[in-house]
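Q: Submitted below is the structure of interest, expressed as structure tokens.
The values are calculated or read from the model by the stated rules, or taken from the named source; none is laboratory data. Predicted model only: the values in this text are computed from it and were never measured. Cβ atoms come from the backbone with ideal geometry, glycine included; neighbour counts cover every protein chain shown. The area values use the complete protein model at the heavy-atom level, side chains included, leaving out ligands, DNA and RNA. Shrake-Rupley method; radii C 1.70, N 1.55, O 1.52, S 1.80 Å.
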Amino acid sequence: VQLQASGGGFVETGGSLRLSCAASGRTFSRCIMGWFRQVFGKEREFVAAITWNGGTPYYADSVKGRFTISRDSAKNTVYLQMNSLKPEDTAVYYCAADFFPCGTYWSTTGYDSWGQGTLVTVSS
């Protein structure tokens with residue numbers, strides 16, 4: 001599967017952005033879609049994930065109440081609505097797909113395919 005992430009940009013503290021991740025190619029047998037982020041020099045960290053069939057969301061504690069993950073099955077697209085952004089949210093955001101059998105959604109090792117990343121910059 002090919003994943004194309006978009007929607008990153010520059011925003012002031014307290015602002016909002018919506019990231020999109022469009023999937024093409026192999027789209028069947030998809031278990032979960034996730035968003036991770038990475039700051040230069042640090043490990044990639046889990047942000048949010050959603051089960052493809054049931055739409056059950058999972059969030060990192062650092063984004064709960066501010067970020068919302070959703071998916072549009074017809075468009076094969078997953079979204080990450082980010083509100084009340086903080087400077088510490090600045091990172092490159094990556095989307096990822098996991099196929100059955102399901103891996104661990106909070107770990108990078110649980111995913112089979114990755115998008116190219118989109119940069120989010122939040123100014124203080």
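Q: Tell me the net charge near Leu19. Cut-off is 12 Å between Cβ atoms, Leu19 excluded, with +1 for each Lys or Arg and -1 for each Asp or Glu.
A: It works out to a net charge of +1.
Q: When the accessible area of segment 1-95 is computed with all protein chains present and a 1.4 Å probe, what percentage of it is carbon and sulfur? Show your work: numbers first, answer last.
A: Details: 2250 of 4680 Å².
About 48 percent, which is the carbon plus sulfur part of the accessible surface.
Q: Among Leu80, Phe28, Leu119, whose Cα sits farthest toward the positive end of the charge dipole of the chain (+1 at Cβ of Lys/Arg, -1 at Cβ of Asp/Glu, about the Cα centre)?
A: Ranked along the dipole, the leading option is Phe28.
Q: List the trypsin sites (Lys or Arg not before Pro) in segment 1-55 that DSSP assigns to loop (not H, G, I, E or B) and whose Cβ has at most 13 other Cβ atoms within 10 Å. Which are they?
A: Numbers: sites: Arg18, Arg26, Arg30, Arg37, Lys42, Arg44; in loops: Arg26, Lys42, Arg44.
Within segment 1-55, the qualifying trypsin sites (Lys or Arg not before Pro) (loop, at most 13 other Cβ atoms within 10 Å) are Arg26, Lys42.
Q: Before I look further, what does segment 4-83 give for accessible area per residue, probe 1.4 Å, in whole square angstrom?
A: 51 Å²
Q: Take each of the peptides 96-102, 62-68, average the number of other beta-carbon atoms within 10 Å over its residues, and list them starting from the highest.
A: With the highest mean Cβ count within 10 Å placed first, the list reads 96-102, 62-68.
Q: What residues have an amide H closer than 5 Å to that of Cys31, excluding those fewer than 5 places away on the same chain, when H is modeled at 1.01 Å from N in the peptide plane?
A: Asp98, Phe99, Phe100
Q: Then there is this: From Cα pairs below 8 angstrom and at least 6 apart in sequence, can you work out the relative contact order of segment 12-54, rounded to a whole percent?
A: Worked out over segment 12-54, it gives 32 percent.
Q: How much net charge surrounds Thr109 when only other residues with a Cβ under 11 Å from its Cβ are counted (Lys, Arg +1; Asp, Glu -1)?
A: It works out to a net charge of -1.
Q: Tell me, how many Å apart are the Cα centres for segment 1-67 and for segment 88-105?
A: With segment 1-67 and segment 88-105 each reduced to a Cα centre, they are spaced 6 Å.
Q: What does the charge count around Val120 come to, taking other residues whose C-beta lies under 9 Å from its C-beta (Lys +1, Arg +1, Asp -1, Glu -1)?
A: With Lys, Arg at +1 and Asp, Glu at -1, the net is 0.
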